[in-house]
Each structure stands twice: as C-alpha cells, then as structure tokens.
Amino acid sequence: MIKITALQEPPDSVEKCNPREQNPRYKVESENNVTRRVKLYNKLHNTLDELKDKNSDLVQSLSNQVTYVKKLDPVIGINSQAVANLTTVIKDNPVHLHEKFQNITKDIAWLHFTVQGQTALFTAVRQIEFSLL
C-alpha cells in the first residue's frame with residue numbers, strides 16, 4: 001500500500017523529479033517499505049485474530065462459570081437448610097438427654113429412699129418379732 005498525502009498529483013517517479021520540484025508534503029514509499037508494511041499489517045491482523053479467538057474463549061468460559069454458579073445456588077440453599085436442620089437436631093439432642101438424665105436421677109433417688117425406708121421398716125418389724133418371741 002502506497003500512501004501519498006498531497007494537495008496536487010504526485011510525480012510519476014522519484015527519479016524524474018528535480019529535487020527543487022519535490023514538495024516535502026509528498027511521501028513516496030519504496031516498494032521494499034510497502035512489502036514490509038504489508039507483512040507487518042498481516043502480522044498485526046493475525047495477532048488481532050488470535051486475540052479475538054482468545055477473547056471469545058474467555059467469554060465462553062466466563063459464561064460457563066456463571067451458569068455453574070447459577071446451578072449451584074439452589075444446591076447451596078438446600079445444603080444450608082440441611083445444615084440448619086442438623087444444627088437444630090444437635091442442639092436439641094443434649095437438652096433432651098439432660099432431661100432424661102434428670103428423670104433417671106429422680107427415679108434412682110426415689111428408689112433409694114424407698115429401699116432405705118423399707119429397710120428401716122423391715123428392721124422395725126424384725127425387732128418387734130424378736131421382742132415378741
């Protein structure tokens with residue numbers, strides 16, 4: 001690609017031009033510079049294509065991750081409810097066990113006093129029997 005910027009028509013070739021006639025506004029590039037620029041533009045174009053492909057891969061990956069997070073949201077809600085229920089069960093279990101322990105302790109104390117009372121009664125009956133004999 002030859003880029004010429006001027007207000008008037010450029011000369012046919014640089015060799016035919018008189019240095020006095022050359023206008024500094026003209027920029028005539030050599031064929032070597034043009035091919036080099038074309039190669040650079042092609043390389044830039046290829047690099048931009050690669051970046052575009054990588055960008056689309058990133059967008060697709062991000063979209064998949066957002067979908068995955070959206071799918072996890074109900075599962076996390078269910079799991080949090082299950083954890084809350086288990087926590088309630090675990091908290092209620094020691095309270096229930098403590099109540100059971102208190103009831104058993106009360107029953108053992110009643111049994112102890114009953115046996116002790118019966119032992120005293122049995123001893124009194126034995127003493128009366130012995131005194132009668």
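The values are calculated or read from the model by the stated rules, or taken from the named source; none is laboratory data. Treat the numbers as computed from the prediction; the structure is a model and nothing was measured. FYI the Cβ positions are ideal-geometry reconstructions off the backbone, even for glycines, and counts take in every protein chain you see.
Taking ASN42 as the residue in question, decide whether it is assigned to a helix (DSSP H, G or I), out of contact with any strand residue (DSSP E or B) (no Cβ under 9 Å at 6 or more places or on another chain) and modelled with pLDDT of 80 or more.
yes
Take the conditions of a type in the set (A, V, I, L, M) and surrounded by 10 or more Cβ atoms within 10 Å (Cβ to Cβ) and apply them to LEU132. Does it pass?
No, not satisfied.
Looking at LYS71 and the list (1) among the basic types (Lys, Arg); (2) outside any helix (DSSP H, G or I); (3) at pLDDT 55 or above, which single condition is not satisfied?
(2)
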